[in-house]
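What follows draws every value from the coordinates through simple rules; no lab data is involved. What you are looking at is a predicted structure, and each value in this text was computed from that prediction instead of being measured. Cβ atoms come from the backbone with ideal geometry, glycine included; neighbour counts cover every protein chain shown.
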Amino acid sequence: MAASGGAGRTILHVDMDAFYASVEQLRRPELRGKPVVVGGSGRRGVVAAASYEARAFGVRSAMPSMRARTLCPQAVFVSGDHAHYAEVSARVMAIFASMTPLVEPLSLDEAFLDVTGVQRLHGDGPAIAAEIRRRVLAEEGLTCSVGVAPNKFLAKLATEQAKPSASVRGPVPGTGVAVVRPGDERAFLRPLPVGALWGVGPRTLEKLHALGVRTVGQLERMPQHQLVRALGEAQGRHLHDLAHAVDPRPVVPDQRPKSISHEETFAEDIDDPRALHTELVRMADAVARRARHQEVAGRTVAIKVRFGDFTTISRSVTLPQAVDTGPAIVRAATQLLDQIDVAPGVRLFGVGLANLADDAPHQLSLDDLTRTADAPAADGAAWSAVTEAVDAVRARFGDDALLPAALAEGGSLRAKRSGDQQWGPDETGSSGPADRV
């Protein structure tokens, strides 16, 4: 095996440049050249993305929006439009797929591509990278950066070296494509700070610094047994491999999601159990809808509760049968929520589905036949037919065409959509989709 951990492979890592902010600047020309921040604009909001003009002031993703405002008072805040970003992403991913069938999306704006088997058709790795950048710019008006290397780990690191840099006048173009050629892997890695390695978080970094290790080159020279003793078996072997440029992971297209979840930060803390239950119903309905769309069902239902003082607790239950309907998730999540005192006030709430498998066939049980109207069958064949009808209506008339009755009782006829409020509430204080700035 070569040092790269994958002899003869050519892997591309493609990362869109400031994707959300660039999409906003593209469709709204008046924003071009301005510091644009995408995310929640309220006091509890979080930055999802920043244009290069905003980055020049120190604004970064995951930063509290209030901090971003302090750093860049002239920033234009734009509430995220996840549905539109997903549409653009799908077209970009289609460009990738036209070059190779081995595309592994990491997020809406990032993917690995294995182009080993298509180089006779499209040219070598750098040529394919250049063609992808040309097509993304020509067809979508957006730029991307590409790392080319013998494995995934090195390709992702190379992408960082290809990226534009920030300035108040806009992005300063980088190389666009950065290449780590076979045989140059360790020379490329040695000067890098050890914190650049995948899996090195703050605690691991502190331990490595205590050992006198600050660069990958220094880590490379450490015996594996010393790393294992300091960091544990798994982490020690993992970092030893990376320092020696070993990463055998393949590019895996069409990966099954490990979990599906929705969570929301509220403009004001919620201490009313009934109001929180309404949010639970909305989120469970959205999670179930996404599960059915991806043709999976899950056995583990989980909730996440973060209080006003940022204390966060999670609860989960594993069911005997996989579920993919809103009522089934609501029933399990409600039992979990009822065990938690929400009187101190809930800042953030989330519902998730895990332990996923292919959409399991529904088996009608005696329990399903004996449920009352107040507790309808949530996982039997009869309810499955109702769910199919609901999905068909929503597909034709929109997500808000049919909603759980509990949302009407809560006075909020609004479906939860993918991406809603994932970056916090807007400055109007609404917990619904923020008005676009």
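For segment 13-180, with only Lys/Arg (+1) and Asp/Glu (-1) charged at the beta-carbon, what is the dipole magnitude about the Cα centre, in debye rounded to 20?
Charge dipole, segment 13-180, about its Cα centre: 620 debye, nearest 20.
Compute the Cα gyration tensor for segment 20-165, then decide on rounded, prolate or oblate, letting a ≥ b ≥ c be the square roots of its eigenvalues: rounded whenever a/c is under 1.5, prolate when a/b is larger than b/c in the other cases, and oblate in all that remain.
Details: a/c = 2.35, a/b = 2.02, b/c = 1.16.
Note, shape of segment 20-165 comes out prolate.
For the peptides 340-347, 275-282, 174-181, what is the packing order when you average, over each peptide's residues, the other Cβ atoms within 10 Å and list the highest mean first?
Highest mean packing first, the order is 275-282, 174-181, 340-347.
Before anything else, pin down the relative contact order of segment 13-180: Cα pairs under 8 Å, at least 6 apart, normalised by residue count, whole percent.
Relative contact order here is 25 percent.
Given points 7 Å out from each Cα along the Cα-Cβ axis, report the Arg203 to Arg27 separation in nanometres with one decimal.
Result for the modelled spin labels: 4.1 nm.
For segment 190-243, what does the alpha-carbon gyration tensor say about shape, rounded, prolate or oblate, given a ≥ b ≥ c as the root eigenvalues, a/c under 1.5 as rounded, and a/b over b/c as prolate?
Rounded, since a/c falls under 1.5.
Sort Lys207, Lys156 by Cβ crowding within 10 Å, fewest neighbours at the top.
Lys207, Lys156
When the Karplus curve 6.51 cos²θ - 1.76 cosθ + 1.60 is applied with θ = phi - 60°, which whole-Hz ³J(HN,Hα) does each residue of segment 210-215 get, with x for Gly and Pro?
5, 8, x, 9, 10, 10
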